Each structure stands twice: as C-alpha cells, then as structure tokens.
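Every read-out reported here was derived from the displayed coordinates using simple, explicitly stated rules and does not represent laboratory data. Just so it is clear, the structure is predicted and the values come from calculations on it, not from any experiment. No Cβ is skipped: glycine too gets one built from the backbone with ideal geometry, and neighbour counts run over all protein chains shown.
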There are 2 protein chains.
Amino acid sequence: MELKDALTKLSALQAKMSAYGHAMSLIYYDGATTAPKGTAQNRGQTLSVLSEETYKLSTGEETVELLEYLDAHKDELDEKNARIVLLMLKDIREMQKIPMDEYIAYQQLMVEADDVWHRAKETSDFELFRPLLEQIFDYEKKFAAYCAPEMHPYNYCLNKYEDGLTMDKCDEFFSTLKSRLVPLIKKIGEREQLSDESIKGDFDERDQEKFSLELMRTMGIDLDHCGLGTTEHPFTTSLGSHHDVRITTNYSRTDLSSSMFSVIHEGGHALYDLNSADDLAYTVLDGGVSMGIHESQRRFYENLLGRSRAFVEYIFPKMCECFPEQMEGYCAEDVYRAINRVTPSLIRTEADEVTYCLHVMVRYELEKRIMSGELEVKDLPREWNRLYFEYLGVEVPNDREGVLQDSHWSGGGIGYFPSYALGSAYGAHLLRRMKETVDVDACLREGNFAPINEWNREHIWKFGSLYKPADLLRSALDEEFDPSAYTDYLEEKYGELYGI
Amino acid sequence: MELKDALTKLSALQAKMSAYGHAMSLIYYDGATTAPKGTAQNRGQTLSVLSEETYKLSTGEETVELLEYLDAHKDELDEKNARIVLLMLKDIREMQKIPMDEYIAYQQLMVEADDVWHRAKETSDFELFRPLLEQIFDYEKKFAAYCAPEMHPYNYCLNKYEDGLTMDKCDEFFSTLKSRLVPLIKKIGEREQLSDESIKGDFDERDQEKFSLELMRTMGIDLDHCGLGTTEHPFTTSLGSHHDVRITTNYSRTDLSSSMFSVIHEGGHALYDLNSADDLAYTVLDGGVSMGIHESQRRFYENLLGRSRAFVEYIFPKMCECFPEQMEGYCAEDVYRAINRVTPSLIRTEADEVTYCLHVMVRYELEKRIMSGELEVKDLPREWNRLYFEYLGVEVPNDREGVLQDSHWSGGGIGYFPSYALGSAYGAHLLRRMKETVDVDACLREGNFAPINEWNREHIWKFGSLYKPADLLRSALDEEFDPSAYTDYLEEKYGELYGI
C-alpha cells in the first residue's frame, strides 16, 4: 500500500461514516420532531441495519489494516491525519480488549436498562432498577480492568468523556467549589427571594418561536445552516458535518425563560459545532472535542452571557416587541433578577447557576465510591438523599425526584456528570481571559456577538477535535485552568443580586 | 449454497436496501420540509455516498450470484419470493445490457439537464434546453435498442412505468377519450360558467392545517403511521416500509381548494402505500406496483370521491367549523360547483378533471412521434402549441407555460405521462365495480370511508407489487379494463353540472 492511497482510503472511509452518521442522526431527529407516533419500530429496524454497517465499517478487517498501516507511518502524517488515526485506532484497540460476548451482552443490557429505568422512574421504584444498575457498574469495572488495568477504574470512566481527566483533578475542583458554594447558598437562603413574576404569564407558542429565531440571529448563529425544531427534551445534533446543525426547544406556555434559555443553551452547542474549520468536515475531527469543552461553550452562552445584566438590557426591548402585553409594567432589571433567582431544588436539569454544580457533585461522589468499592448500589438512594440534604439542604421525598431522575446511568454513562460542572468552570475562566481583549459587556449591550464569537472561533471552535481537551483549554487560556474564576464570578454576581 | 440460506440472504439484502431507502427518502423529505436553506450541498454529499452503496448492493457480484442461484431454483420458490427475484433480476439484467460508460454519461446528463431545464423554463427559452432534450431522447432510443430490441422503442419506455403497456393500448384508450372529451369540453364552454367564489377568500394556515388533519382522519388514514408536512410541491413518500408514510401539502392563503385537494390527492397515494400486507414490509414488494395503479388510487380519492356531491355534503359542515366567517352565506352545493368548474387551461397540474387527460394526450402523442422518428425535438414547441389549440382551444403564449412546463423530460421520464391518464380511467372503472357491492354515496354522505377502503385494501392495496399491474387490475375489475367507464362518468357528472 502506498501512503497516498492509504490516505485516500482514510478520507473515503470517513466520508462514508459521516454519511451513515447523517442518516442516523436525522432519523433520530425526525423521531423527536415530526414522525408520526406509531413509527418507532420502523425507525428501529433501519437504525439497527445502519449501526451494524457503521460498526462493520469502523472495526472491520480492512479498516484495522488501513489504520495499522497509517499508524506505522505516523511520522510521515500531518497533524490532522495523525490525530484522526490515533482517535480511530483508540476506539478499535479498546474494543479489541473487550471479549466480544461481554460487549454484546453489555449492549443488550443497555437496551433493557433503559426500558426498566423508565418504568422504575415512573413508579419511583429503585428496587426494580437496582439489579440492572449493579450489572452496569460491574461491567464498567470489568471493562476498565480490560482496557486500562494501570488506571483506577473510575479514572477510566472519566477519561471516556474528558480525555486526561482524573479523580485527583475532580477532587480538587469539587472541593474548591464546595467550600465556596455551600456557604454562598446558605447566605442566599437567608436573604429575601427575587421575584420571577416578569417571566411568568401566558406566552403564545408562535410568538415564542419568533423570539427564539431572534435570539439565534442575535447570537450570530447562521440560520442558513442551523435549524430550530420543537421536541419534548431540547437537544442539538449535527447532520453529516458542521454544515447542517439542528437545535430544538420546548415551549412552556406559562414560563418564557424555559424556551428562551433552552435556545441559548442549545445555540451555544450549535455555535461550537457550526464553526469547525471547513477542512475538518467529513472527518472524525469535525465538531466539538469533548463533553467538558462542549459544556463550557453552551454554559458560556446560556449563563455567562445569557443571564448577564448587559445582555438583558439588549434583549429586553425585543421581548417587549414580541410580548407587549406580558412585559407591560416590567423593566430589564426585573427580568435580570427573575432569570437569576437561586432556589436549592431536587432536579438537576432545573437547577440555577449557583446550585447546579452541587447536583453534579453528589453524582460524582457516589460514582467514585461505587467504582472504588466503597459503596454498594443498594445503598445509593440513602446516600443520595443524605448528600442532597448536606449540600443543598433539601429533603428528597422519593426516588423519582432523587436517584432515579437522570437517564445517564441507565445508558452506561458513568463518569459523564463531572463534565457538566467542569464545563461551567471552564467557561468562567475563558470569559475572564476573553475580557482581557474584548469588551464583552459593551458587545452584549449592543447585541453584537461578533467579537465574542470571533474569540471563541479562534481559540476553541475552529480546532474541532484536533487537540486533546486539556491542551486546547490550556492554549485558549494561556495558563492552567483555575476553578476559582468560576467561584469568583458566582460570588460577585449573586453577592450583588442578593445584597450579600 | 442451500436454498434456505439463500432466502435468508435475500431477506437481509432487502432489509439493507430498505434501510438505505429510508435514509435517502428522509434526507429528501427533510430537504423539502425543514432543512435550513444552506444545507443542500451537505445533503448531496451524504446522498452520493448512500446511493453508491445502494447501487453496489443491488448490482454487486454477490447479489447477482444470489439472484441467479435463486432464479435457477425458481420452481421451488413461493409466489412472493419468485416475484422478488424476478423484479430484482430484471433491473440488473437491464443494467448489464447498457454499456457502463453510456450509463454514467446518461446519469451526468440528467444532472445537467435538470439544471438547464430550470433556467430554460424561467426564461422561457426552449432553445437553451433543446440540445439536452435531444440527447435524452437519443439515449432513450439507444437504451431501448440495447434492452428490448424486439420492441418499438416507445413501448420500452411505456413499460418502464406500467409493465405491459403498449402504444396500441394507449392509442385505443386515448382515441376513446378524445372522441368523447373534446365535444364535451366544447359544450361546457358554451354554457354559463360555475362560480368558485365559495372556496376563495382569506384562509389562515393553521386553520387549514387543522382542516387537513380532519380530512386525513375522515379518509381513514392512520395518523399514527402517516405524517403531514408543508412543502412547495406536495408529494408522498414512504420511509423504509409502509409503516411510515409522509404526505405534504402547500397552503394557499386565498384558495381553500388548493391544499384541500392536495391533501386528498396525496392521501390517496398514502392509503395505497400504508396498506400493503404486513409481510411485504422490508421487501421490494412493499408499496404500490406501478405509476398507473398509484394514479388510479389517488384520483379515486381526489376526484371520484373528493369532488363528489355526496362527500361535499359530509365535509361542508366541517369546513364551516374550521372557516366559519369564510363559509358564511354559502351552501354545500356552492362548494360542489366551485370545485368542479371546468376551464381549458395551459398548465397540466392545474387542470380540472375533464380537461386533464387532454393535457396528457398532447404529451403522449409528441413522445410517440419523437420515439418513432416522425418528429424532431426542434419542432416540439410548434407541435405542442398546435395540439393545445386543437384539443383544448387555448393559445400557448410562451414555452414556459407550454412545452417547458413539466420536469419529467429533463429527468428522463419519457413514457411516464400516459399513466396519469390511465390512472384516472382505471379509477372510474374500479368505482363502477365497487358500487356493485358498496353503497359508496351513502358512505361518503356519512364520512364513513371504512367500507370503501376495505374494498380497495382487499382488491388492490394489500398486494403491494406482488402482481403485474395489468393482472392486478383485471383481477380487481373481474373483467377487462374499459375506458368508457371514465368517459361515461365524466359525461354524466359534468352534463348534470353544466345542464347539457
């Protein structure tokens, strides 16, 4: 094989995988948006064919041979192709270490676990889900031992979602957060609560959609390459390449902020995906590099910008145009206070900016202890409830609103949660760095996202998955990541809001 | 190879082709409905990968070997598998007869011709399109000579869309039509025109959508397996199998009948597709058998039922519920007359029930003469205009509204048009037969489509593509097809409407 031919094959292989990815993502998107409700089984039939083809394509003999050849010639590859080969081989080598029968059994377990988790959540019955969750944790431990025997099994899990992340880093990060957020939340609880009346009312769905598109345009999202759909649970997906991205939202008739922040949140993900360098399209490097960096971008837009006073000053007149009756009698400051109201609560996805990371921390500590053999799955509900009371001061009334609330574990996503909290903190540090050269508040007050987006494009977005997340972050920050940027930001913002 | 294994492989092959078909149809549907406008190139990239895979799959060595083996054992196959092998082999054997370089050149010509036709139509410039259309007809003649040297080349074309159709049959059919429709149209022209005021006005799109769903429910379309979208040009598509069908419509703000009859029209196609027998799903026999039969079903619903007095009596109160202001002062009879107004016109797709077939006849005669070498492409506009005046009494002011109006020729669809007219006539004969056992008018007056659909399901739909169209039709009619069922129907209905 000549190197040139091998690289041509590598391109063709990735183009094919992108095409299958396009098809599968679109089938998923269709299922969540417009498909008639009796068609899930039909989609399942097609998805099972396409995922089998993708699996064969990415792990087949010909592919392995090609990648091994290219790996043997890695010194002759450019940076981009070297990274592509490394990422593709990593997955294959991992797969090769896991006995096929266990891999298949695990896939089947996921399907069953998802179904059982749904029913367990509905009936708030942890015992129903427990045996499956035990098996999931057991498999994770076994796979960690196969794939990375030199590592602590939980570090193996963390690495799947954020390359290079360790328990030591997480411990340090969460301990900083805990030491500063728990007292802050306590103080906020002693102050008078902010009113959220200004964002409650009766909001027509079509007006909300118009407002959503206005928000996307303001954020600098290219509507020629990014669509907006409606789904029960909002999400972002890319179809084939960064040239076609879709975000979805969900409209609450009574709460304007629900869809508003869904759109900004998913819009943040979309901006990251849309702005990969064009030469990364149809390669495995197209799109965001890790969960943590992706979260940093979406929280950057949703919270650091979207919930800032400067942005509210810009967007408030637009809100008044879209909802003249509902906004009557309110001012921008009312909206600013309404969308920044802090309330310790039970459900992670509904949490405010200050309490959010504590929800994540509960999950992190529990996962770590189970993966270390210090906690048994059967004791999870008790420990969950104890930590929620300790960190957030809330009593968990049942497992549905407690340990069963998230879908991650039933899908095998052990080690996924920390990236949510890390992303928030990455975002705050990135903002601090950006402010050294960009007058972010002035931009926001004018609704001019261009300089902000330009900074993110040049420092983060355009690289796609070309660099390891830790390296990308260090290079964007031009220093080591410092979680206190985040706690400083929260203390300052909420200290002012609550008069602390 | 064991026969049992070969049949398992045949199933797997069809499942895979259905999955690719699902993906490609959905990508097309997405492009026509919700995709952001800058994403066409991205879809093109994915479609080119998927169509190459489909081509390889359906004509690859392994497939040919499998089908040849099964063909050699055809006496041991059941009816269903025998038909599957026959249909799949037919395409492959045809392809094998055409030199690969000519096949590829023809595919490229189609792409160019589509683009040039759009521009030629826009500027009403036939000369721009002429060289490409000449090549298209030349290729069709060449391919006919390669694939079916024993046939007249135009019979080869007709057979592609309606297996078993010949010029002789068409000539007889169209001559019956011409001898009875041309005088009818002339008489109608001498009578006072019917008013269409009742369906004109200002109709809100959301109200029209609600009404469309009401129409679909009334027709007995299972909304759990059939979705409704909005596109510039309405169409129907199946995704993977008959378990997921989508129809689209287009809402005219000022003309209620536009979307109303699009929905009933596409709904007729959808009913046919949705009601293949379940054991045909994920095989090449799933869905309608030919253009002609498909047209018969959609015209059955759109015209024979949808434009009947009995149906209007049922649906008029629903129209009043959806559009109370617009319907004020009108009665069911007003609507019945409005939707059955006959006006000889220039554009086929806007033609009424009586003049429609004459539009088709013009195209049939021209195609036949070109394929027979009796007419040159350069003389098409002149002949087109002459025939329009002769049959319909209208003067064609330009080629945009004349010979350039349809997209079929630019896509190589020579021989496609006659199935439109045949379908209308098949439908009328099917209705005559159905009325022997079903009180169709009574059903329509009650909005009860169940007995009508049941008849169609048992006689047409459930068979999918199991039988040749001519055989299917003969078995449903229990006699030879008779075009005078159609002309009788038109003379009776429009004679009464126009007092002839």
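Work out the charge dipole of chain B with +1 on the Cβ of Lys and Arg and -1 on the Cβ of Asp and Glu about the Cα centre, then indicate which of B:HIS265, B:GLY413, B:PRO183 is farthest towards its positive end. Going by the charge dipole, the pick is B:PRO183.
All alpha carbon pair distances within the stretch B:345-500 were sorted into 10 Å bins beginning at 0; the resulting P(r) in whole percents reads 9, 30, 31, 22, 8, 0. With the convex hull constructed from alpha-carbon coordinates only, the stretch A:195-257 shows a mean projected area of 4.9 nm² over all directions.
Using 0.36 nm per residue and subtracting the Cα-Cα separation, the extra length available between A:VAL182 and A:CYS331 on full extension is 50.5 nm. Cα centroid separation, the stretch A:422-500 to the stretch B:348-365: 65 Å. Sorting B:239-248, B:204-213 by their mean Cβ neighbour count within 10 Å, with the most densely packed peptide first, gives B:239-248, B:204-213. Can you figure out the FRET efficiency of A:ARG206 with B:ARG445, using R₀ = 30 Å and their beta-carbon distance, to the nearest 0.05? Efficiency, rounded to the nearest 0.05: 0.25. In this structure, A:TYR55 and B:ILE98 have a Cβ-Cβ separation that, at R0 = 45 Å, corresponds to a calculated FRET efficiency of about 0.80. Sorted from nearest, the other copies put their B:GLU79 label points 6.7 nm away, the label point being 7 Å from Cα in the direction of Cβ. Shown for A:THR8: label points 7 Å from Cα along the beta-carbon vector, and their distances to the equivalent points in the other copies, 3.8 nm in ascending order. Compared with the dominant Cα axis of chain B, that is its longest principal axis, helix B:3-33 is turned about 50°.
Candidates A:ALA351, B:TYR55, A:CYS226 compared by Cα position along the dipole of the protein assembly as shown: farthest toward the positive end lies A:ALA351, with charges placed on Cβ.
Stokes-Einstein diffusion for the stretch A:1-97 at 25 °C, viscosity 0.890 mPa s, with a Kirkwood radius from C-alpha pairs, works out to 164 µm²/s. Based on DSSP H segments of at least four residues, each scored -39500 (n - 2.57), chain B has a per-residue ellipticity at 222 nm of -20500 deg cm²/dmol.
Residue by residue along A:15-23, Cβ atoms of other protein chains within 10 Å of the local Cβ number 6 on average. Each residue of the stretch B:385-394 was assigned a 3J(HN,Hα) from its phi angle through the Karplus curve 6.51 cos²θ - 1.76 cosθ + 1.60 (θ = phi - 60°); the sequence is 5, 4, 5, 4, 6, 5, 7, 10, x, 10 Hz, with glycine and proline shown as x. For the stretch B:435-494, taking the reciprocal of the average inverse distance between every pair of different Cα atoms yields a Kirkwood hydrodynamic radius of 13.2 Å.
Rounded to whole numbers, the Karplus 3J(HN,Hα) couplings from phi for the stretch A:67-73 are 5, 5, 4, 5, 5, 5, 10 Hz, using 6.51 cos²θ - 1.76 cosθ + 1.60 with θ = phi - 60°, and x at Gly and Pro. Using R0 = 41 Å, the C-beta based FRET efficiency linking A:SER372 and A:GLU454 works out to 0.40. Which lysines have a Cα less than 25 Å from the Cα of A:LYS97, not counting those fewer than 8 places away in the same chain? Cα-Cα hits under 25 Å: A:LYS56, A:LYS74, A:LYS141, A:LYS142, A:LYS160, A:LYS368, A:LYS468. At 37 °C and a viscosity of 0.692 mPa s, what translational diffusion coefficient does Stokes-Einstein give for the stretch A:174-213, taking Rh as the Kirkwood radius over Cα pairs? Give it in µm²/s as a whole number. Value of D from the Cα-based Kirkwood radius: 242 µm²/s. Annotation: the antiparallel percentage among DSSP beta bridges lying fully within chain B is about 50.
Label-to-label distances for A:SER252 across copies, nearest first, come out at 4.4 nm, using points 7 Å from Cα in the beta-carbon direction.
For the rotation that carries chain B onto chain A, the axis lies closest to a Cβ at B:ALA23, 2, where the number is the distance in whole Å. Considering only the protein assembly as shown, what is the antiparallel percent among its DSSP beta bridges, to the nearest 5? In the protein assembly as shown, approximately 50 percent of DSSP beta bridges are antiparallel ones. Summary value for the stretch B:327-385: 19 percent relative contact order, contacts being C-alpha pairs under 8 angstrom separated by 6+ residues. With an a/c value of 1.5 or above and a/b not larger than b/c for the gyration tensor axes a ≥ b ≥ c computed over the alpha-carbon atoms, the stretch B:56-194 is described as oblate.
Seen against the Cα atoms of chain B and their longest principal axis, helix B:205-218 is set at about 70 degrees. With the convex hull drawn around the C-alpha atoms of the stretch B:221-261, the volume per residue stands at 70 Å³. Charge dipole of chain A (Cα centre as origin; +1 on each Lys and Arg Cβ, -1 on each Asp and Glu Cβ, all else neutral): 340 debye, rounded to the nearest 20.
In this simple spin-label approximation, A:GLN135 and B:ALA105 carry label points 7 Å from Cα along the Cα→Cβ vector, and these lie 6.1 nm apart.
Dimensions of chain A from C-alpha coordinates, computed as largest minus smallest value along each principal axis and given longest first, are 72, 52, 50 Å.
Backbone amide hydrogens, once placed in the peptide plane, bring B:THR230 within less than 5 Å of B:THR249, excluding anything fewer than 5 places away on its chain.
In this rough spin-label picture, where each label sits 7 Å from Cα along the Cβ direction, the A:SER175-B:ASP125 distance is 7.6 nm. Across the stretch B:34-42, rounded Karplus estimates of 3J(HN,Hα) from the backbone phi angles (6.51 cos²θ - 1.76 cosθ + 1.60, θ = phi - 60°) give 10, 4, x, 6, x, 10, 4, 4, 5 Hz, Gly and Pro being marked x. Ordered from longest to shortest, the equivalent ellipsoid semi-axes for the protein assembly as shown are 58, 35, 27 Å, each the square root of 5 times a Cα gyration tensor eigenvalue. For the stretch A:301-432, the alpha carbon positions stretch 56, 34, 26 Å along the principal axes, listed from largest to smallest. Here B:LYS200 is the anchor, and the lysines within straight C-alpha reach of less than 19 Å, apart from those fewer than 8 places off in the same chain, are B:LYS210, B:LYS318.
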